[in-house]
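Here the structure comes first, spelled out in C-alpha cells, and everything after it is commentary.
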Protein chains: 4
Amino acid sequence: MSSFGRRLRINIFGESHGPAIGVVIEGLPAGLVLDMELISDMLERRRPGTGRHVTRRSEEDVPEILSGILDGVATGMPLTCIIRNSDTKSSDYRNISHIPRPGHSDYTAFIKYNGFNDVRGGGAFSGRLTAPLAFAGAIAVSYLREKGIEIVSHLKSIGGIKDNSLNMMEFDKMQLESIRKNRLPVIESKVSDLAEEALNNARMNLDSLGSEIETVVYGLKAGIGEPGFNSLESTIAGICFGVPGVKGIEFGRGFELSGMKGSISNDEFYYEEGIVKTYKNDMGGILGGISNGMPIVFKVCMKPTSSISKTQRSVDLIKKENTELVIKGRHDPCIGIRAVPVIESCAALALMDCLLEG
Amino acid sequence: MSSFGRRLRINIFGESHGPAIGVVIEGLPAGLVLDMELISDMLERRRPGTGRHVTRRSEEDVPEILSGILDGVATGMPLTCIIRNSDTKSSDYRNISHIPRPGHSDYTAFIKYNGFNDVRGGGAFSGRLTAPLAFAGAIAVSYLREKGIEIVSHLKSIGGIKDNSLNMMEFDKMQLESIRKNRLPVIESKVSDLAEEALNNARMNLDSLGSEIETVVYGLKAGIGEPGFNSLESTIAGICFGVPGVKGIEFGRGFELSGMKGSISNDEFYYEEGIVKTYKNDMGGILGGISNGMPIVFKVCMKPTSSISKTQRSVDLIKKENTELVIKGRHDPCIGIRAVPVIESCAALALMDCLLEG
Amino acid sequence: MSSFGRRLRINIFGESHGPAIGVVIEGLPAGLVLDMELISDMLERRRPGTGRHVTRRSEEDVPEILSGILDGVATGMPLTCIIRNSDTKSSDYRNISHIPRPGHSDYTAFIKYNGFNDVRGGGAFSGRLTAPLAFAGAIAVSYLREKGIEIVSHLKSIGGIKDNSLNMMEFDKMQLESIRKNRLPVIESKVSDLAEEALNNARMNLDSLGSEIETVVYGLKAGIGEPGFNSLESTIAGICFGVPGVKGIEFGRGFELSGMKGSISNDEFYYEEGIVKTYKNDMGGILGGISNGMPIVFKVCMKPTSSISKTQRSVDLIKKENTELVIKGRHDPCIGIRAVPVIESCAALALMDCLLEG
Amino acid sequence: MSSFGRRLRINIFGESHGPAIGVVIEGLPAGLVLDMELISDMLERRRPGTGRHVTRRSEEDVPEILSGILDGVATGMPLTCIIRNSDTKSSDYRNISHIPRPGHSDYTAFIKYNGFNDVRGGGAFSGRLTAPLAFAGAIAVSYLREKGIEIVSHLKSIGGIKDNSLNMMEFDKMQLESIRKNRLPVIESKVSDLAEEALNNARMNLDSLGSEIETVVYGLKAGIGEPGFNSLESTIAGICFGVPGVKGIEFGRGFELSGMKGSISNDEFYYEEGIVKTYKNDMGGILGGISNGMPIVFKVCMKPTSSISKTQRSVDLIKKENTELVIKGRHDPCIGIRAVPVIESCAALALMDCLLEG
C-alpha cells in the first residue's frame, strides 16, 4: 500500500495524469504551526520546469489543504492536501500502453493489476507522487527545526562526477548555503559546472545519468529509534525505497565497512562537556538501530532516468511479440536532481515519526 | 518493536543471557508441513562453535515448539518456538556494564531504556536473536521451495577478498553446491582458503573483518510486491536492517547504477517461450517495487565484528569520565559468516509474506 | 487515528465546516467496477434535508473521485474521494466554542487537542464524516453483492417504539422492500407512522430520541473471520463504535443470552442439501469469531441526538465557571435514521476486508 | 491474528492441549516493576479448580518468564511468559473431533483451517488462552494503579439473577471488598447465595448459565483515547470480543439509551474544585471516543457455557450426516465467573495502551 509511519502516518494517493495527487497525514501534534514558506520552498526545489536540468512540464504544484488545519495551525486531525494535475499530455503515453518501457513499472504493474492500472505517465508509480511526499516532508522539517534538528541533502555524485562529502561530525552552514546557491544541489561550484555539462551531453545523446544523494541529520539526540526491525536504518530505508529510482542505501561508511577492520571501523567514545561523543562517525550516528547523538548519515543511489529517447527493445504484451519503442515526452536527464528534497523529506518524516514514538 | 510482516507476522523475543529466546509466527497457512531437516540445517549453518571461524560458545540451539503445530503440521494458529540459553558466561560482561563497547548498542540502549536494558551479552541486541529468525526463515524457505523458488546466499566479500558473483540470470546448482562444500560460504574454494587466512590473521591481531553477503532468489514469478513504501526493496531492506551489523543494502547493480547511463542500465524486454524476460538483470528483478520474473538480486554489507580484543577508548557512564576497555569473551572474527543463512532467512520471510499478500 | 481495516484500508478525513471531507480507500481489487448508482443511493439515504426527519442543511454531497479509478474501473491504487462542504453556517457554533455541549465531544476534544481542534459543527467528530464512510461502504456493498451477499439494516426501535425483527434465517426480499418504501427505514408501516409522530413530538419539545439499528448479512459463506482479537465481532464492533452516537453492540441474541441456559442458546447443527446449517441462529452466524454460514446478525444502539434546543447546564472552559447554553442550528431529532445506511456500510466494509483476507 | 494493541502490543499463543500457552508483550516501559503478587492474584481468580463453581481440572498456571525482565524489572524489550499445559485429558475430546459441538468453534475452525486446526479442548479457541491474557492484564493493572487508576469488575447478572450496579460516579472501596469476599464475584452476598443455588441446579440438569460482567474504571483523566475507529469504545470492544463467549458490549447506559430522550441522556457539565465533572454518567465517561474524566463504565454479556452434558444434535463432518453427541469432560456451568478478571484485564490493557499513546 501507499502508506508508512507508526505515530505519524503518511498516506499518499493519486496518479500522474488523474485529477489530483495528494496526501493524508495522521498524527500531527495539535497546535503545530504550518510553515507555508518552507513548504513552498520544498515544493519549488522538487518542481520540474524551473530552468535547471529538469523536465519542462510546467506543473504548478499549488497545494490545497482540505482538512486538519484551522487558521494555519494543526487541529490534531488528519491533514489532507491535494495538488491538482494539469498540463498533462497523456497522448504522449497512449501509444505505448502495451509496450512496457524498460526500467519502468509498466510491465510489473500490468501483471499485478491485470492491465487495469493507470499507465498514463506511470500512473501511481510516477515520480510526480513525490510532490505530496515533499509537502509532508516540509512539515516534518519544520517540526524538527523547532527541536534544533537540521537536515541537509545534496547530490554526492552525478553521472560518476563526485561532489565533496557533507560534514559527518557537525553542521556546516556554509555547505548548506553552497548547495542552495549552486545551479545544481552540490557543495562544490566546480562540480555543478561539470555536472551541467554532463547533463547537457546526456540530453543530446538522448540518454540519462545515475546519481547518489547524501543526507546528514544534525542535532538528533541519542536514544531515538528502536532495536530490530524498527531500527532507524529499517525505518529510513523503508521510506526511501518507496521513492522511484532508489536502488540502494547505506549508513555511515556503508559498503566501505565491508573492507575494513573492526579496530578501524569502531567509533570510540569520549566525553565532551558532559556529552558522550565519538571521535569519528563511521557508523552514521546509529548503533543497534538507535541514535547515538552523532549526526545521522546515509546515502542512496538513484538509477538513471528510465525514460530515454533512444530506441529500445521491448515487447508488445497484447500481440505477445518482440518490438521496439521510442519514448517521447519530456524527461529529466537525471531524476536525482529533483529527488534531493524528496530524500530530505523521507529522512524528516522517518525521524519525526521516531521522535513522536519517544 | 521486534516484529515485522503483514500477512506473515514474525515476533522475535529474548535476550542473549536470559532464560530463552524465541519467535511467534502468525499467519502460517494451515496444513503446511514442517521440514525439520531444513530447519536443523539452517540453524546448524548459523550456529557458533562448528569448527569454522565462529565463536566457540557451544550453543545447542535445539528449538522447542510450543504451539501451532500438531503432528508436524501447521494448525493455522501462531507457531511459537523457543530456544533455551545455556553456557552463558555472563561474568565476562558484568565488569563493563557501564562502559559501552564501541560499535555496540550498549550506549544507545542505556540512554533509551534508562539503564534498565539487559546489557549481558548485548541483551536483546545480540546476534543470538538471529537464531529464532533463522528458524522462521527455514519454514519460509521450505514454503517457497514448494513453489519452485530457491534462495542462495554467499559471502560476496570478506575483509576485502572478493568471491565470484552469483548467477543473476538463472539458478546454477553448482554454485550452491560449492558454497555448501567450501569451508566458508563462498563460491570459489580459493577464496575460501584466502579468507580463512585473513580470518586467522585478524584473530591473531585481536581484530575483526567486514564482509558483504549477496543473495539471489530464483523462480519468483512476476507481479509480487507492492508499489511505494511496501515495495519489495522496502520490505526486504526493512527486515535485513533488523539484523545486527547490516549497514547497507543494494538491489541489482545497486550503487554502480549511479555511475551508469540509462541506455546501459535499462533492462530491455524480450519474449522467450511466451514468457517476458530481460536480456540482463541490472535492476535485480524489481521494477516499481514489484517482481518482474527475473531473479531478485541484492547485497548487504556487514560491518566488522564490533567486539574486538584490542584495547579501546570508551567512557564510564556512571563516573562520567573517559576510560579504556578490553573486551574479553569469545567472538567471531567476522559476523558475516554466520549471517549468511540469516540474510537468506530475511529474504525468504519477506517473499513469503509478499506471496501470501497475493 | 481515523483509519481502519487490514487488507481494505479506509482512511477518513475532514472536518464539518472545513473545505472538504473525504476518504482514501487502499486495497480495492484492480478491475472492480464502480457502481455509481449504488453509491448515489447510499449517499442519498444518508443525506440530510431529504424531506424526512432529518436536518434541513442542504448538503449536496456530490463525491468527486481524485484517484484510483480510470474509466469507472478500479486501478488497484488508492481510491480518493472528496466531498466539498458548503452551506455551513458556522456562526451558529462560534458563540459556544468554549462552552462544551453536553453529550458532544467538545469538552474531550478541547482537553485532548489543547483547544486547537476545529470546534465548528463538531469538527472531525461530526456525523458529517459518515458521508465518506457511506461512500466507501457503497463500494463494499457492490463488491459483496457480486458474491451473492446482501446486507439489510433497519431501525429496530426509535424512541422505544419497536419494529419487527429482520429474518435471522434467510433473506426476505419483502422486508427489504418495506424498509425502502416506508417513510422511515422500518419494516412495519404502522411503526413508521408511530415513529414519525414521536419524532414530531420530540422536535416540538426541543428534544431528541434514541434508537436501535439491526443489521443482517445474508449469504456469507462459512470460514470467514479470525479467532481472537480479529474476530468478526471485534472487527465489526471496532468500526461501528467509530460512528458518532453508537454506545452498544450485540451479536445474535446478544444480552438476552445472559439470561438463557446453554441447552437453549446453543445452535444445534444439521445437514440441508449437503450444507451444514443450524436450526436457529441465536449466535448471529458467528462461532469463535468466524462465520458459520448462517446470516450475520447484530444490533447497535444509538444515543439520542446530543444537540437539543432545550437550555442545558454546562461550563465555560475559559472563565472556569458554571453556565448554561442553548444550542441553535438545525439538528436531526434522531441520529439513528440517517445512521441506518452508515451501519450497513460498516458491516459491508468489515466483511469485504475479512473476505479479502481469505 | 492473535494480537492487539498499538503502543502496548499483546501477542497471545498456544492451544489448550499443546505443550504451552503464553504471551509476548511489546512496549512495556523500561523500569516498570513486576508486581508478582498482583499477577498471582489475577491468575488465581481466573484459575479453574479453586473450589467454586468452576471446572476441576487442576491447572497450576505457573507463569514462567522467558524474556524482558531482569531482576524483576522490565528491560524495555518484549516480555515473554509461558504457562505449561498439564493434566490435559485429551481423550475426552478425541471421539468428537469430527462432530462439532454446538456453540463452539469446532465447525468454523474446521472450515477455515481445512481440518488442520488443533481440535483438542478447543485448541487455540479455548478459554484457557485467557490465562496469558490475565497475566498481561495484571501488569497493566499495576501500571494503572501507580497512576491512581482502579478497575473493578463483577458479575452484574448470572442466569438472570441480578447483582447491584457498581458506583458509576466514584470508587467505592466497600463494593470491591464485597466482591472479593463473596464466594462469587458479586457485590451482594445474597446474590452470591442465590447464584450458587442456580449454578448447582444448572449442573445437576447438565446445563449452563449465561451472565453479564460490569466493569468500571475509576481515576482515568480526561483526554485519553482517540476519535473515530480508535475510540475508547472501539479499543475496549475489540479486545473484549476476543474473549470466548462475549456476544455484546455496551458503554454507560448502553442499550437503555435507545429508549431515552436527549434531555435525559445528556450528561450536563459543572465545575467541582476546578475540575469539570458531569452530574451523572450515562455516557460511561466517554464522549467522542475520548475520556471525559468520569469513570469509564461498560458491560459485556457472556453466553452460557457451550459445553453442556445434555445430548445435542450435530453433524458428522466426515460421514456428512446428522448425528447426536454427548460432551464429556469437566466444564464450568457459567464461564462468566472466571471471565471477571479476564474482562478486567481487557480494560486494563486497552487503557494502558491508550495512556502510552498519550
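The values are calculated or read from the model by the stated rules, or taken from the named source; none is laboratory data. Quick caveat: nothing in here was measured; it's all calculated off a predicted structure. Here Cβ is always computed from backbone atoms with ideal geometry, including for glycine, and neighbour counts include all displayed protein chains. What goes into the accessible areas is simple: the full protein's heavy atoms, side chains included, and nothing from ligands, DNA or RNA. Shrake-Rupley method; radii C 1.70, N 1.55, O 1.52, S 1.80 Å.
Does the stretch B:256-302 hold any residues that are farther than 24 Å from A:F255 by Cβ and touching a residue at least 60 places away in the same chain (Cβ under 8 Å), and which are they?
Within the stretch B:256-302, B:G288, B:I290, B:S291, B:N292, B:G293 qualify.
Mind checking whether some residue in the stretch A:124-142 is surrounded by fewer than 22 Cβ atoms within 10 Å (Cβ to Cβ) and under 30 Å from A:A222 (Cα atoms)? Yes - at least one qualifying residue is present in the stretch A:124-142. Among the criteria (1) surrounded by 19 or more Cβ atoms within 10 Å (Cβ to Cβ); (2) in contact with a helix residue (DSSP H, G or I) (Cβ under 9 Å, 6 or more places away or on another chain); (3) at pLDDT 95 or above, the one B:L38 does not fulfil is (1). Does C:K320 meet the test of being within 22 Å of C:L166 (Cα to Cα) and open to solvent by 10 Å² or more (accessible area, probe 1.4 Å)? No; evaluated as a whole, the condition is false for this residue.
Any residue in the stretch B:109-122 that is open to solvent by less than 20 Å² (accessible area, probe 1.4 Å), part of a helix (DSSP H, G or I) and modelled with pLDDT of 95 or more? Scanning the stretch B:109-122, I find at least one residue that is open to solvent by less than 20 Å² (accessible area, probe 1.4 Å), part of a helix (DSSP H, G or I) and modelled with pLDDT of 95 or more, so the answer is yes. Screening A:F269, A:F251 for residues that are under 23 Å from A:M352 (Cα atoms) and at pLDDT 95 or above leaves exactly one candidate, A:F251.
Among residues of the stretch C:232-247 that are on the phi > 0 side of the Ramachandran plot and of a type outside the set (A, V, I, L, M, F, W, C), none has a Cβ under 6 angstrom from a residue that is surrounded by fewer than 24 Cβ atoms within 10 Å (Cβ to Cβ) and at pLDDT below 95 at a sequence gap of 6+ or on a separate chain.
Here is a check on your reading of the model: is D:F171 more than 12 Å from chain C (Cβ to nearest Cβ), part of a loop (DSSP other than H, G, I, E, B) and without any contact (Cβ under 8 Å) to a residue 12 or more places away in the chain? Judged against the criteria, D:F171 is not a match.
Kindly evaluate C:E146 against the criterion of being at pLDDT 95 or above, surrounded by fewer than 24 Cβ atoms within 10 Å (Cβ to Cβ) and within 20 Å of C:R46 (Cα to Cα).
Taking the combined requirement at face value, the residue does not satisfy it.
For the stretch C:230-241, a residue qualifies if it is more than 7 Å from chain D (Cβ to nearest Cβ), open to solvent by less than 10 Å² (accessible area, probe 1.4 Å) and not hydrophobic (A, V, I, L, M, F, W, C), but none of them does. When the stretch C:323-358 is filtered for residues that are crowded, with 20+ Cβ neighbours inside 10 Å and among the hydroxyl-bearing types (S, T, Y), only C:S345 remains. Only residues that are more than 7 Å from chain C (Cβ to nearest Cβ), outside any helix (DSSP H, G or I) and surrounded by fewer than 23 Cβ atoms within 10 Å (Cβ to Cβ) were counted in the stretch D:191-213, giving 2.
The residues of the stretch D:164-175 include none that are touching a strand residue (DSSP E or B) at 6+ places or on another chain (Cβ under 8 Å) and over 24 Å from D:D267 (Cβ atoms). From the residues in the stretch D:302-317 that are in contact with an Asp or Glu (Cβ under 6 Å, 6 or more places away or on another chain) and surrounded by 24 or more Cβ atoms within 10 Å (Cβ to Cβ), which one is nearest to D:I99 (Cα to Cα)? Restricting to residues being in contact with an Asp or Glu (Cβ under 6 Å, 6 or more places away or on another chain) and surrounded by 24 or more Cβ atoms within 10 Å (Cβ to Cβ), the top hit is D:I308.
Results for (1) at the interface with chain C (Cβ under 7 Å from one of its Cβ atoms); (2) out of contact with any strand residue (DSSP E or B) (no Cβ under 9 Å at 6 or more places or on another chain); (3) part of a loop (DSSP other than H, G, I, E, B), shown as yes or no for each residue.
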{"site": "A:I10", "(1), (2), (3)": "no, no, no"}
{"site": "A:H17", "(1), (2), (3)": "no, yes, yes"}
{"site": "A:V23", "(1), (2), (3)": "no, no, no"}
{"site": "A:A30", "(1), (2), (3)": "yes, no, yes"}
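For the stretch C:118-153, filtering for residues that are touching a strand residue (DSSP E or B) at 6+ places or on another chain (Cβ under 6 Å) and over 21 Å from C:V24 (Cβ atoms) leaves 4. Reported count of residues in the stretch B:279-303, each being farther than 24 Å from B:E357 by Cβ and either β-branched (V, I, T) or more than 7 Å from chain A (Cβ to nearest Cβ) (or both), is 4.
I'd like the residue in the stretch B:310-335 that is among the hydroxyl-bearing types (S, T, Y) and either outside any loop (DSSP other than H, G, I, E, B) or in contact with a His (Cβ under 8 Å, 6 or more places away or on another chain) (or both) and, out of all such residues, is nearest to the other protein chains (Cβ to nearest Cβ).
B:S314
Among the residues of the stretch D:214-230, those that are part of a helix (DSSP H, G or I) and touching a helix residue (DSSP H, G or I) at 6+ places or on another chain (Cβ under 8 Å) comprise D:G228, D:F229. Just for the stretch A:94-143: of the residues that are of a type in the set (V, I, T) and at the interface with chain B (Cβ under 10 Å from one of its Cβ atoms), which one is farthest from A:C346 (Cα to Cα)? Checked the stretch A:94-143; the qualifying residue farthest from A:C346 (Cα to Cα) is A:I99.
Filter the stretch D:270-285 for residues that are among the aliphatic types (A, V, I, L, M) and open to solvent by 50 Å² or more (accessible area, probe 1.4 Å) and give the result.
So the first thing to find is which residues in the stretch D:270-285 are among the aliphatic types (A, V, I, L, M), and the list is D:275-276, D:283.
Result: D:I275, single match.
When the stretch C:242-269 is filtered for residues that are more than 15 Å from D:G159 (Cβ to Cβ), open to solvent by 10 Å² or more (accessible area, probe 1.4 Å) and facing another protein chain (nearest Cβ under 7 Å), the ones remaining, listed by number, are C:G242, C:E250, C:G252, C:E268.
Yes or no, residue by residue, for (1) touching a Pro at 6+ places or on another chain (Cβ under 7 Å); (2) closer than 29 Å to C:E26 by Cα:
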| position | (1), (2) |
| --- | --- |
| C:G289 | yes, yes |
| C:G293 | no, yes |
| C:Q312 | yes, no |
| C:N322 | no, no |
| C:V326 | no, no |
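Taking the options B:G127, B:G148, B:G137, name whichever one is touching a residue at least 40 places away in the same chain (Cβ under 8 Å) and at positive phi.
The match here is B:G148.
Every listed requirement among (1) open to solvent by 40 Å² or more (accessible area, probe 1.4 Å); (2) facing chain C (nearest Cβ under 10 Å); (3) free of Cβ contacts under 8 Å to residues at least 12 places away in the same chain; (4) not aromatic (F, W, Y) is met by A:S3 save one, (1). When D:K310 is tested against the conditions (1) touching a Lys or Arg at 6+ places or on another chain (Cβ under 7 Å); (2) farther than 30 Å from D:M169 by Cα, the lone failure is (1). Residue count for the stretch C:215-229 under the criterion of being touching a residue at least 60 places away in the same chain (Cβ under 8 Å), buried (at least 23 other Cβ atoms within 10 Å of the Cβ) and within 7 Å of another protein chain (Cβ to nearest Cβ): the result is 2.
Going by the conditions given, is B:A195 hydrophobic (A, V, I, L, M, F, W, C), modelled with pLDDT of 95 or more and closer than 16 Å to B:I335 by Cα? Yes; evaluated as a whole, the condition is true for this residue.
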